[in-house]
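To keep things clear, I will list the structure first and then write my remarks on it.
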Amino acid sequence: MNVRLTKEQKIKVLNSHDIYYVMQQILLRENKIRRNQEHFWVVGLNNSNKVLFIELIGLGAVNRVNADPPDVFRMAIYKLAVKMVLVHNHPSGTLAISKGDTTFTDRMLKVGKLINIEVIDHLIITDESYTSLADKGIMDELKKSGLFEVVGPEKKALEEWKIETELKRARKEERLIVATKMKKDGVEIDIIKKYTGLPVSAIGKL
């Protein structure tokens, strides 16, 4: 689920606190019931470290949320992000980094390396504070861990998935170009929808 951002939230990220500043606001938008569930978000950045998007990937139980590489990286490929920050909340209020947190981060870091999207940090957040794996030096340690190096059939499958996702993005961009021209020429929205397959809401934004 793409998270709607204000203009002020599309900031240039200089450090972990900048990410927490935005993510705390997003977490506090939720009601108390939802904040008692663990959320997992990905933050996509461009080459200048500006926030391109924030996507809610998963909403789990009190202490658990699951996410697979295609879910984590799909939006980054669509939006041409080159860097990514992982973020999840601990409803319990603890900022302790679990073994599961580091294992998951290690795997995503290695997948990101394969598809050229750098995972630069993983934040654990609460309503009032956060901890950063990068600030604690854990990201650097994971890069050297030797674990989860993607090889063999899995590497091939991920590379093919990335190419397929890139092609889908390219086809969508082509349809947007065609729809923009048709709309400029005064073609009715229903006809544009018929020939491009785009939803009315997307055409209306052109």
Being in contact with a Leu (Cβ under 8 Å, 6 or more places away or on another chain) and modelled with pLDDT of 90 or more is the filter here; which residues of the stretch 62-75 pass it? Val72
Under 18 Å from the mean Cα position of the chain (by Cα) and within 24 Å of Val51 (Cβ to Cβ) - does that describe any residue in the stretch 146-158? no
Starting from residues that are part of a helix (DSSP H, G or I) and touching a residue at least 24 places away in the same chain (Cβ under 8 Å), keep the ones in the stretch 148-160 and report whichever is farthest from Ala81 (Cα to Cα). Lys155
Can you report the number of residues in the stretch 100-140 which are under 19 Å from Asn15 (Cβ atoms), among the acidic types (Asp, Glu) and in a helix (DSSP H, G or I)? 1
Filtered residue count, the stretch 10-51, keeping only those that are assigned to a loop (DSSP other than H, G, I, E, B) and either surrounded by 12 or more Cβ atoms within 10 Å (Cβ to Cβ) or not assigned by TED's automatic domain parsing to the domain that holds Ile125 (or both): 10
What number of residues within the stretch 161-177 are over 20 Å from the mean Cα position of the chain (by Cα) and without any contact (Cβ under 8 Å) to a residue 12 or more places away in the chain? 3
What's the number of the only condition in (1) more than 22 Å from Glu164 (Cβ to Cβ); (2) assigned to a helix (DSSP H, G or I) that Ile97 fails to meet? (2)
Of the conditions (1) surrounded by fewer than 19 Cβ atoms within 10 Å (Cβ to Cβ); (2) in the same structural domain as Asn47 (by TED's automatic domain parsing); (3) closer than 22 Å to Gly58 by Cβ; (4) in contact (Cβ under 8 Å) with a residue 12 or more places away in the chain, the single one that Lys136 does not satisfy is (3)
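The values are calculated or read from the model by the stated rules, or taken from the named source; none is laboratory data. All of these numbers come straight from a predicted model, not from anything done at the bench. Methodologically, a virtual Cβ is constructed for each residue, glycine included, from the backbone with ideal geometry; neighbour enumeration extends over all protein chains shown.
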